[in-house]
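Following: one structure in structure tokens, then a few remarks.
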Amino acid sequence: MTWGALGTLILLNVVGSLSPGPDTFFMLRLATRSRAHALAGMAGIITGLAVWVSLTVVGAAALLSSYPSILGLIQVVGGSYLCSMGVRMGTSAWAELTRARAFGFGEGARPVPDAHGSLGTLRQVYRQGVATNLSNPKVVMYFAAILAPLMPAHPRPLLAIGLTLLILVQTAAVFGTLCLVVSTERVRKAVLRAGPVFDLIAGVVFTGVGATLLVEGAEYLLRLW
């Protein structure tokens, strides 16, 4: 692989990391409340990503294309999880908006939700990050699309491992920087009032993406029935 191809891969992955989606909304939602929870969620996302990138390198994209029933089944399960998570986020955000309305939306008047009480333990958040990332099998297709034109047909093990680590480290750097910036006191204070609204938007995004995966997966399975 040439240095130019490597640079192109990094650039494409940076853009992909910053594009709006369940992973990004999940992490930003955590960062507006607790830096520790945001970093735990990011670790979960990177763990899930490690699975998808490793599978992509060993040819899982070709397997999913050859056996669409597997892709359909994963989409149904993943879509159901994202939908349920989106509904929980939306319900929680609506309850918080109701409480905020009772306090006249005053930042100093209404209580700030406790991070452990509203987000759960760090271990729970880590597991949610893993599940959020693994719920979308199209990540394999995405990485196959950006890796296939740049990698040799049969990469050496050292190259495959190196590319996997590079993608994971680069994604962790982008997400980690985002977490640290958003979780600073100044930014958290700025978004405190908009927190429930952000949660509501995140809930809509999760539910929308989940519903899309659910419908696509069901269509795959019905066509094969």
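The values are calculated or read from the model by the stated rules, or taken from the named source; none is laboratory data. Note that this is a predicted model, so its numbers are computed, not measured. Because the Cβ atoms are built from the backbone with ideal geometry, glycine has one as well, and the counts that use them run over all protein chains shown. Protein only, heavy atoms only, side chains kept; ligands, DNA and RNA dropped before computing areas. Shrake-Rupley method; radii C 1.70, N 1.55, O 1.52, S 1.80 Å.
Among all residue pairs at least 6 apart or on different chains, which show Cβ distances below 8 Å where the first residue, located in segment 177-202, is modelled with pLDDT of 80 or more and the second is of a type in the set (D, E, K, R) and open to solvent by 80 Å² or more (accessible area, probe 1.4 Å)? If the second residue must be of a type in the set (D, E, K, R) and open to solvent by 80 Å² or more (accessible area, probe 1.4 Å), the pairs left are Cys179/Arg35; Leu180/Arg35; Ser183/Arg35. Exactly one residue among Leu168, Leu163, Leu158, Leu82 is surrounded by fewer than 16 Cβ atoms within 10 Å (Cβ to Cβ), at pLDDT 70 or above and either of a type in the set (D, E, K, R) or in a helix (DSSP H, G or I) (or both), and that residue is Leu158.
Please verify whether segment 41-49 includes one or more residues that are open to solvent by less than 50 Å² (accessible area, probe 1.4 Å), modelled with pLDDT of 85 or more and of a type in the set (Val, Ile, Thr). Step through it out loud before you land on a result.
Filtering segment 41-49 down to residues open to solvent by less than 50 Å² (accessible area, probe 1.4 Å) leaves 41-46, 48-49.
If we keep only those that are modelled with pLDDT of 85 or more too, we end up with 41-46, 48-49.
Right, trim to of a type in the set (Val, Ile, Thr) and you get 45-46.
Yes: segment 41-49 contains one or more residues that are open to solvent by less than 50 Å² (accessible area, probe 1.4 Å), modelled with pLDDT of 85 or more and of a type in the set (Val, Ile, Thr).
The residues in segment 14-44 that are under 21 Å from Leu200 (Cα atoms), β-branched (Val, Ile, Thr) and in a helix (DSSP H, G or I) can be counted, and the count is 1.
Filter segment 1-13 down to the residues that are surrounded by fewer than 16 Cβ atoms within 10 Å (Cβ to Cβ) and part of a helix (DSSP H, G or I) and list them by number.
Taking segment 1-13 as the starting set, the residues that turn out to be surrounded by fewer than 16 Cβ atoms within 10 Å (Cβ to Cβ) are 1-8, 10-11.
Selection gives Trp3, Gly4, Ala5, Leu6, Gly7, Thr8, Ile10, Leu11.
On the stretch given as segment 29-40, residues that are open to solvent by 20 Å² or more (accessible area, probe 1.4 Å) and modelled with pLDDT of 85 or more total 3. Here is a check on your reading of the model: is Ser17 crowded, with 18+ Cβ neighbours inside 10 Å and either among the hydroxyl-bearing types (Ser, Thr, Tyr) or out of contact with any helix residue (DSSP H, G or I) (no Cβ under 9 Å at 6 or more places or on another chain) (or both)? Yes; evaluated as a whole, the condition is true for this residue.
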